[in-house]
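Each remark here refers to the structure printed beneath this line.
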Amino acid sequence: MSDPAALASTVVWGAFALAFLFGAVANKTHFCTMGAVSDVVNMGDWNRMRMWLLAIAVATAGASALQLSGLVDLSKTIYTSPRFTWLSYILGGALFGIGMTLASGCGSKTLIRIGSGNLKSLVVAIVLAVTAYMTLKGILAVVRVATLDSVGTTFGGPQDLPSLLAPVLGAGKNTLLAVLGAAITGGLIAFVFKDREFRTFDNVLGGTVAGLVVVGCWFLSGHIGYLPEDPATLEAKFLATNSGRMESFSFVAPYAYFLELLILWSDKSRTVTLGIAAVLGMVSGSLAWSLATRTFRLESFRDSGDLINHLVGAALMGFGGVLALGCTVGQGISGVSTLALGSFLAFFSIVAGAAATMKVQYWRLMKE
(Lines give C-alpha, C1' and ligand atoms only; values in the text may rest on other atoms or scores of the structure.)
Protein backbone atom coordinates (compact mmCIF):
# COMPACT_ATOMS: atom_id res chain seq x y z
CA MET A 1 0.00 0.00 0.00
CA SER A 2 1.28 3.49 -0.86
CA ASP A 3 2.29 5.84 1.92
CA PRO A 4 -0.74 8.06 2.75
CA ALA A 5 1.51 11.03 3.55
CA ALA A 6 3.20 10.78 0.17
CA LEU A 7 -0.14 10.48 -1.61
CA ALA A 8 -1.50 13.49 0.28
CA SER A 9 1.56 15.49 -0.72
CA THR A 10 1.01 14.50 -4.35
CA VAL A 11 -2.60 15.69 -4.17
CA VAL A 12 -1.64 19.02 -2.62
CA TRP A 13 1.24 19.78 -4.99
CA GLY A 14 -0.80 18.58 -7.95
CA ALA A 15 -3.65 20.92 -7.00
CA PHE A 16 -1.18 23.79 -6.61
CA ALA A 17 0.27 23.12 -10.08
CA LEU A 18 -3.17 22.94 -11.71
CA ALA A 19 -4.29 26.12 -9.95
CA PHE A 20 -1.04 27.87 -10.93
CA LEU A 21 -1.81 27.04 -14.57
CA PHE A 22 -5.42 28.15 -14.14
CA GLY A 23 -4.37 31.44 -12.53
CA ALA A 24 -1.87 32.27 -15.26
CA VAL A 25 -4.20 31.35 -18.14
CA ALA A 26 -7.21 33.08 -16.58
CA ASN A 27 -5.15 36.25 -16.18
CA LYS A 28 -3.96 36.08 -19.79
CA THR A 29 -7.36 35.29 -21.31
CA HIS A 30 -9.46 37.49 -18.98
CA PHE A 31 -11.50 34.47 -17.87
CA CYS A 32 -14.12 35.96 -15.55
CA THR A 33 -17.55 34.59 -14.77
CA MET A 34 -18.85 37.90 -13.39
CA GLY A 35 -17.52 39.61 -16.49
CA ALA A 36 -19.27 36.99 -18.61
CA VAL A 37 -22.65 37.88 -17.12
CA SER A 38 -21.87 41.60 -17.31
CA ASP A 39 -20.91 41.41 -20.98
CA VAL A 40 -24.19 39.69 -21.85
CA VAL A 41 -26.40 41.96 -19.74
CA ASN A 42 -24.76 45.28 -20.56
CA MET A 43 -23.38 44.78 -24.08
CA GLY A 44 -24.97 41.66 -25.52
CA ASP A 45 -21.47 40.19 -25.90
CA TRP A 46 -21.43 36.40 -25.34
CA ASN A 47 -17.70 35.73 -25.80
CA ARG A 48 -16.77 35.37 -22.13
CA MET A 49 -20.01 33.53 -21.38
CA ARG A 50 -19.10 31.09 -24.14
CA MET A 51 -15.69 30.70 -22.50
CA TRP A 52 -17.41 29.74 -19.24
CA LEU A 53 -19.76 27.34 -21.05
CA LEU A 54 -16.79 25.78 -22.85
CA ALA A 55 -15.19 25.15 -19.46
CA ILE A 56 -18.40 23.43 -18.31
CA ALA A 57 -18.48 21.30 -21.47
CA VAL A 58 -14.85 20.19 -21.09
CA ALA A 59 -15.27 19.50 -17.36
CA THR A 60 -18.48 17.53 -17.93
CA ALA A 61 -16.92 15.41 -20.67
CA GLY A 62 -13.85 14.72 -18.55
CA ALA A 63 -15.72 13.96 -15.34
CA SER A 64 -18.11 11.63 -17.16
CA ALA A 65 -15.17 9.82 -18.77
CA LEU A 66 -13.47 9.39 -15.40
CA GLN A 67 -16.67 7.98 -13.90
CA LEU A 68 -17.40 5.63 -16.80
CA SER A 69 -13.82 4.33 -16.76
CA GLY A 70 -14.11 3.53 -13.06
CA LEU A 71 -11.28 5.87 -12.07
CA VAL A 72 -13.47 7.97 -9.76
CA ASP A 73 -16.86 7.78 -8.11
CA LEU A 74 -18.66 11.11 -8.45
CA SER A 75 -21.29 10.01 -5.93
CA LYS A 76 -18.62 10.66 -3.28
CA THR A 77 -18.68 14.45 -3.79
CA ILE A 78 -20.56 17.06 -1.75
CA TYR A 79 -22.49 18.04 -4.88
CA THR A 80 -24.14 14.65 -5.39
CA SER A 81 -25.20 14.18 -1.77
CA PRO A 82 -28.73 12.74 -1.38
CA ARG A 83 -29.71 15.83 0.63
CA PHE A 84 -31.28 18.36 -1.76
CA THR A 85 -31.43 21.71 0.05
CA TRP A 86 -33.18 23.61 -2.73
CA LEU A 87 -33.68 26.82 -0.73
CA SER A 88 -29.98 27.01 0.12
CA TYR A 89 -29.01 26.47 -3.51
CA ILE A 90 -31.36 29.21 -4.74
CA LEU A 91 -30.81 31.79 -2.00
CA GLY A 92 -27.10 31.09 -1.61
CA GLY A 93 -26.55 31.23 -5.35
CA ALA A 94 -28.47 34.48 -5.71
CA LEU A 95 -26.59 36.11 -2.81
CA PHE A 96 -23.29 34.99 -4.28
CA GLY A 97 -24.27 36.46 -7.64
CA ILE A 98 -25.18 39.77 -6.02
CA GLY A 99 -21.98 39.71 -3.98
CA MET A 100 -19.62 39.01 -6.86
CA THR A 101 -21.14 41.92 -8.80
CA LEU A 102 -20.63 44.34 -5.91
CA ALA A 103 -17.11 43.00 -5.25
CA SER A 104 -16.01 43.19 -8.92
CA GLY A 105 -15.49 39.46 -9.30
CA CYS A 106 -16.13 35.99 -7.90
CA GLY A 107 -13.82 34.00 -5.63
CA SER A 108 -11.48 32.88 -8.41
CA LYS A 109 -11.35 36.31 -10.04
CA THR A 110 -10.53 37.85 -6.66
CA LEU A 111 -7.44 35.63 -6.42
CA ILE A 112 -6.45 36.49 -9.99
CA ARG A 113 -6.80 40.21 -9.26
CA ILE A 114 -4.71 39.87 -6.09
CA GLY A 115 -1.96 38.37 -8.23
CA SER A 116 -2.21 41.40 -10.49
CA GLY A 117 -1.72 43.84 -7.60
CA ASN A 118 -5.33 44.72 -6.80
CA LEU A 119 -5.52 45.77 -3.15
CA LYS A 120 -9.32 45.96 -3.30
CA SER A 121 -9.41 42.24 -4.00
CA LEU A 122 -7.11 41.58 -1.05
CA VAL A 123 -9.67 43.24 1.22
CA VAL A 124 -12.45 41.25 -0.46
CA ALA A 125 -10.52 38.01 0.12
CA ILE A 126 -10.09 38.73 3.84
CA VAL A 127 -13.76 39.60 4.40
CA LEU A 128 -14.89 36.65 2.26
CA ALA A 129 -12.70 34.29 4.29
CA VAL A 130 -13.98 35.56 7.64
CA THR A 131 -17.63 35.44 6.56
CA ALA A 132 -17.24 31.99 5.00
CA TYR A 133 -15.66 30.69 8.22
CA MET A 134 -18.49 32.17 10.29
CA THR A 135 -20.96 30.44 7.96
CA LEU A 136 -19.13 27.11 8.12
CA LYS A 137 -18.41 26.94 11.84
CA GLY A 138 -19.39 30.20 13.55
CA ILE A 139 -22.51 32.12 14.50
CA LEU A 140 -23.84 32.18 10.94
CA ALA A 141 -23.53 28.40 10.82
CA VAL A 142 -26.09 28.13 13.62
CA VAL A 143 -28.55 30.22 11.62
CA ARG A 144 -27.77 28.35 8.39
CA VAL A 145 -28.27 24.87 9.82
CA ALA A 146 -31.35 25.73 11.88
CA THR A 147 -33.21 27.57 9.15
CA LEU A 148 -32.13 27.50 5.52
CA ASP A 149 -30.41 24.10 5.33
CA SER A 150 -33.34 22.47 7.10
CA VAL A 151 -35.55 23.19 4.08
CA GLY A 152 -35.23 20.51 1.45
CA THR A 153 -35.72 16.86 0.68
CA THR A 154 -33.60 13.73 0.83
CA PHE A 155 -33.42 11.47 -2.20
CA GLY A 156 -32.98 7.73 -1.94
CA GLY A 157 -29.54 8.01 -3.51
CA PRO A 158 -27.19 10.55 -5.10
CA GLN A 159 -28.81 13.64 -6.63
CA ASP A 160 -26.96 13.50 -9.95
CA LEU A 161 -29.29 13.33 -12.97
CA PRO A 162 -28.33 9.79 -14.08
CA SER A 163 -29.08 8.41 -10.60
CA LEU A 164 -32.40 10.27 -10.40
CA LEU A 165 -33.54 9.29 -13.89
CA ALA A 166 -32.36 5.65 -13.89
CA PRO A 167 -35.33 4.21 -11.91
CA VAL A 168 -37.81 6.41 -13.79
CA LEU A 169 -36.61 5.48 -17.27
CA GLY A 170 -35.60 1.92 -16.41
CA ALA A 171 -32.13 2.47 -17.83
CA GLY A 172 -28.69 1.84 -16.37
CA LYS A 173 -26.99 4.71 -14.58
CA ASN A 174 -23.83 4.44 -16.69
CA THR A 175 -25.87 4.44 -19.88
CA LEU A 176 -27.69 7.59 -18.82
CA LEU A 177 -24.41 9.18 -17.72
CA ALA A 178 -22.92 8.54 -21.14
CA VAL A 179 -26.00 9.86 -22.95
CA LEU A 180 -26.52 12.93 -20.76
CA GLY A 181 -22.81 13.73 -20.60
CA ALA A 182 -22.52 13.53 -24.38
CA ALA A 183 -25.72 15.52 -24.94
CA ILE A 184 -24.78 18.34 -22.57
CA THR A 185 -21.20 18.48 -23.80
CA GLY A 186 -22.21 18.33 -27.46
CA GLY A 187 -24.93 20.95 -27.05
CA LEU A 188 -22.62 23.37 -25.27
CA ILE A 189 -19.78 22.83 -27.75
CA ALA A 190 -22.14 23.48 -30.67
CA PHE A 191 -23.44 26.68 -29.08
CA VAL A 192 -19.98 27.89 -28.12
CA PHE A 193 -18.32 27.42 -31.49
CA LYS A 194 -21.19 28.45 -33.74
CA ASP A 195 -20.15 32.09 -33.25
CA ARG A 196 -17.10 32.81 -35.41
CA GLU A 197 -16.17 35.80 -33.24
CA PHE A 198 -15.56 33.49 -30.30
CA ARG A 199 -13.04 31.33 -32.12
CA THR A 200 -9.90 33.14 -30.98
CA PHE A 201 -6.89 31.51 -29.35
CA ASP A 202 -7.43 33.19 -25.97
CA ASN A 203 -11.14 32.38 -25.77
CA VAL A 204 -10.64 28.71 -26.59
CA LEU A 205 -7.58 28.48 -24.35
CA GLY A 206 -9.32 30.04 -21.36
CA GLY A 207 -12.38 27.82 -21.50
CA THR A 208 -10.46 24.63 -22.27
CA VAL A 209 -7.91 25.07 -19.50
CA ALA A 210 -10.59 26.00 -16.93
CA GLY A 211 -12.41 22.76 -17.73
CA LEU A 212 -9.32 20.56 -17.86
CA VAL A 213 -7.95 21.69 -14.48
CA VAL A 214 -11.29 20.76 -12.88
CA VAL A 215 -11.04 17.29 -14.45
CA GLY A 216 -7.42 17.01 -13.33
CA CYS A 217 -8.42 17.88 -9.79
CA TRP A 218 -11.17 15.23 -9.79
CA PHE A 219 -8.55 12.68 -10.78
CA LEU A 220 -6.13 13.88 -8.10
CA SER A 221 -8.57 13.72 -5.20
CA GLY A 222 -10.82 10.91 -6.43
CA HIS A 223 -8.19 8.49 -7.71
CA ILE A 224 -4.65 9.33 -6.62
CA GLY A 225 -5.76 10.56 -3.20
CA TYR A 226 -8.29 7.80 -2.57
CA LEU A 227 -7.49 5.12 -0.01
CA PRO A 228 -9.90 2.16 -0.08
CA GLU A 229 -8.72 1.36 3.43
CA ASP A 230 -7.02 3.88 5.68
CA PRO A 231 -4.36 2.04 7.79
CA ALA A 232 -5.39 4.02 10.86
CA THR A 233 -9.18 3.60 10.67
CA LEU A 234 -9.60 0.74 8.17
CA GLU A 235 -12.17 2.92 6.37
CA ALA A 236 -12.14 4.46 2.90
CA LYS A 237 -10.62 7.94 2.87
CA PHE A 238 -9.96 10.82 0.51
CA LEU A 239 -6.64 12.40 1.39
CA ALA A 240 -5.91 16.13 1.75
CA THR A 241 -9.51 17.34 1.43
CA ASN A 242 -11.34 19.45 4.00
CA SER A 243 -14.71 17.85 3.32
CA GLY A 244 -13.43 14.28 3.64
CA ARG A 245 -14.84 13.60 0.16
CA MET A 246 -13.35 13.89 -3.30
CA GLU A 247 -13.02 17.53 -4.31
CA SER A 248 -12.23 19.72 -7.26
CA PHE A 249 -11.74 23.47 -7.54
CA SER A 250 -14.01 25.75 -5.53
CA PHE A 251 -13.17 29.16 -4.13
CA VAL A 252 -15.24 29.98 -1.07
CA ALA A 253 -14.75 27.43 1.72
CA PRO A 254 -11.01 27.08 0.90
CA TYR A 255 -10.63 30.79 1.77
CA ALA A 256 -11.97 29.98 5.23
CA TYR A 257 -9.74 26.93 5.67
CA PHE A 258 -6.70 28.93 4.57
CA LEU A 259 -7.54 31.56 7.20
CA GLU A 260 -7.99 28.81 9.79
CA LEU A 261 -4.58 27.35 8.91
CA LEU A 262 -2.90 30.74 9.34
CA ILE A 263 -4.59 31.37 12.69
CA LEU A 264 -3.95 27.85 14.05
CA TRP A 265 -0.54 27.37 12.43
CA SER A 266 1.05 25.86 15.56
CA ASP A 267 -1.68 23.20 15.69
CA LYS A 268 0.02 20.31 13.90
CA SER A 269 -3.33 18.73 13.05
CA ARG A 270 -3.92 21.57 10.59
CA THR A 271 -2.33 20.92 7.22
CA VAL A 272 -2.37 22.31 3.71
CA THR A 273 -5.25 20.72 1.80
CA LEU A 274 -6.28 20.59 -1.84
CA GLY A 275 -8.48 23.67 -1.47
CA ILE A 276 -5.82 25.71 0.31
CA ALA A 277 -3.23 24.73 -2.29
CA ALA A 278 -5.65 25.83 -5.01
CA VAL A 279 -6.02 29.28 -3.42
CA LEU A 280 -2.26 29.71 -3.24
CA GLY A 281 -1.78 28.35 -6.76
CA MET A 282 -4.29 30.75 -8.31
CA VAL A 283 -2.61 33.80 -6.80
CA SER A 284 0.86 32.52 -7.69
CA GLY A 285 -0.05 31.75 -11.30
CA SER A 286 -1.70 35.12 -11.80
CA LEU A 287 1.24 36.90 -10.16
CA ALA A 288 3.72 35.06 -12.36
CA TRP A 289 1.85 36.09 -15.50
CA SER A 290 1.50 39.69 -14.31
CA LEU A 291 5.22 39.97 -13.60
CA ALA A 292 6.21 38.22 -16.82
CA THR A 293 4.05 40.57 -18.91
CA ARG A 294 4.76 43.66 -16.78
CA THR A 295 1.06 44.19 -16.12
CA PHE A 296 1.36 44.13 -12.31
CA ARG A 297 -0.24 47.34 -10.99
CA LEU A 298 -1.24 48.36 -7.48
CA GLU A 299 -4.87 49.46 -7.37
CA SER A 300 -6.97 50.65 -4.43
CA PHE A 301 -10.45 51.99 -3.67
CA ARG A 302 -11.52 55.20 -5.37
CA ASP A 303 -13.83 56.35 -2.54
CA SER A 304 -15.81 55.20 0.50
CA GLY A 305 -18.72 54.04 -1.66
CA ASP A 306 -16.43 51.75 -3.60
CA LEU A 307 -15.10 50.33 -0.32
CA ILE A 308 -18.60 49.71 1.03
CA ASN A 309 -19.69 47.92 -2.15
CA HIS A 310 -16.70 45.60 -1.99
CA LEU A 311 -17.14 44.89 1.74
CA VAL A 312 -20.82 44.03 1.32
CA GLY A 313 -20.11 42.01 -1.80
CA ALA A 314 -17.38 40.00 -0.08
CA ALA A 315 -19.65 39.21 2.88
CA LEU A 316 -22.47 38.09 0.57
CA MET A 317 -20.08 35.85 -1.36
CA GLY A 318 -18.77 34.29 1.84
CA PHE A 319 -22.24 33.56 3.19
CA GLY A 320 -23.92 32.74 -0.12
CA GLY A 321 -21.07 30.58 -1.38
CA VAL A 322 -21.11 28.33 1.69
CA LEU A 323 -24.90 28.20 1.63
CA ALA A 324 -24.94 27.17 -2.05
CA LEU A 325 -22.02 24.74 -1.58
CA GLY A 326 -19.88 26.58 -4.08
CA CYS A 327 -19.16 29.50 -6.36
CA THR A 328 -19.07 30.12 -10.11
CA VAL A 329 -16.23 27.59 -10.35
CA GLY A 330 -17.21 25.32 -7.45
CA GLN A 331 -20.85 24.86 -8.46
CA GLY A 332 -20.70 26.45 -11.91
CA ILE A 333 -18.01 24.13 -13.29
CA SER A 334 -16.97 21.45 -10.77
CA GLY A 335 -20.49 20.81 -9.50
CA VAL A 336 -22.19 20.93 -12.90
CA SER A 337 -19.60 18.47 -14.24
CA THR A 338 -21.04 15.86 -11.83
CA LEU A 339 -24.52 16.51 -13.30
CA ALA A 340 -25.84 17.20 -9.79
CA LEU A 341 -29.33 18.71 -9.74
CA GLY A 342 -28.39 21.19 -7.01
CA SER A 343 -25.40 22.41 -9.00
CA PHE A 344 -27.58 23.39 -11.95
CA LEU A 345 -29.95 25.18 -9.57
CA ALA A 346 -27.08 27.05 -7.88
CA PHE A 347 -25.50 27.94 -11.24
CA PHE A 348 -28.66 29.53 -12.61
CA SER A 349 -29.30 31.30 -9.30
CA ILE A 350 -25.80 32.82 -9.35
CA VAL A 351 -26.32 34.10 -12.90
CA ALA A 352 -29.78 35.44 -12.04
CA GLY A 353 -28.53 37.22 -8.91
CA ALA A 354 -25.66 38.83 -10.80
CA ALA A 355 -27.82 39.84 -13.78
CA ALA A 356 -30.49 41.40 -11.55
CA THR A 357 -27.88 43.38 -9.62
CA MET A 358 -26.35 44.69 -12.85
CA LYS A 359 -29.78 45.80 -14.05
CA VAL A 360 -30.35 47.68 -10.79
CA GLN A 361 -26.91 49.27 -11.01
CA TYR A 362 -27.61 50.41 -14.57
CA TRP A 363 -31.01 51.81 -13.55
CA ARG A 364 -29.46 53.77 -10.69
CA LEU A 365 -26.75 55.10 -13.00
CA MET A 366 -29.33 56.30 -15.52
CA LYS A 367 -31.43 57.85 -12.75
CA GLU A 368 -28.43 59.82 -11.51
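The values are calculated or read from the model by the stated rules, or taken from the named source; none is laboratory data. Quantities reported herein were computed from a predicted structural model and do not represent experimental measurements. Here the Cβ positions follow ideal geometry from the backbone for every residue, glycine too, while neighbour counts run over all protein chains shown. With ligands, DNA and RNA removed, areas are computed over all heavy atoms of the protein, side chains included. Shrake-Rupley method; radii C 1.70, N 1.55, O 1.52, S 1.80 Å.
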Checklist entry - Are there any pairs, at least 6 apart or on different chains, whose C-beta atoms fall under 6 Å, with the first in segment 10-30 and in contact (Cβ under 8 Å) with a residue 24 or more places away in the chain and the second in a helix (DSSP H, G or I) and charged (D, E, K, R), and if so, which? => result Thr29/Asp202
Next on the checklist: Within segment 250-262, does at least one residue satisfy the condition of being surrounded by 14 or more Cβ atoms within 10 Å (Cβ to Cβ) and modelled with pLDDT under 95?
Outcome noted: no
Checklist entry - Residues in segment 289-307: is at least one under 22 Å from Val213 (Cα atoms), more than 22 Å from the chain's Cα centre (by Cα) and surrounded by 15 or more Cβ atoms within 10 Å (Cβ to Cβ)? => result yes
Checklist outcome for this item: In the set Ile78, Ile90, the lone residue that is in a helix (DSSP H, G or I) and β-branched (Val, Ile, Thr) is Ile90
Checklist entry - Taking helices (runs of 4 or more DSSP H) that do not extend beyond segment 99-157, which have at least 2 residues that are surrounded by fewer than 17 Cβ atoms within 10 Å (Cβ to Cβ)? => result 119-137, 139-146
Checklist entry - Of the residues that sit in segment 263-274 and are in contact (Cβ under 8 Å) with a residue 40 or more places away in the chain and of a type outside the set (Ser, Thr, Tyr), which one is most open to solvent (accessible area, probe 1.4 Å)? => result Val272
Next on the checklist: Tell me whether segment 229-247 contains one or more residues that are outside any helix (DSSP H, G or I), among the charged types (D, E, K, R), modelled with pLDDT of 95 or more and crowded, with 24+ Cβ neighbours inside 10 Å.
Outcome noted: yes
Checklist entry - Looking at segment 1-58, which of its residues are in a loop (DSSP other than H, G, I, E, B), farther than 29 Å from Leu291 by Cα and not acidic (Asp, Glu)? => result Met1, Ser2, Gly44, Trp46
Item to check | Filter result for Ala352 (crowded, with 22+ Cβ neighbours inside 10 Å and either of a type outside the set (A, V, I, L, M) or under 20 Å from the mean Cα position of the chain (by Cα) (or both)) | outcome: no
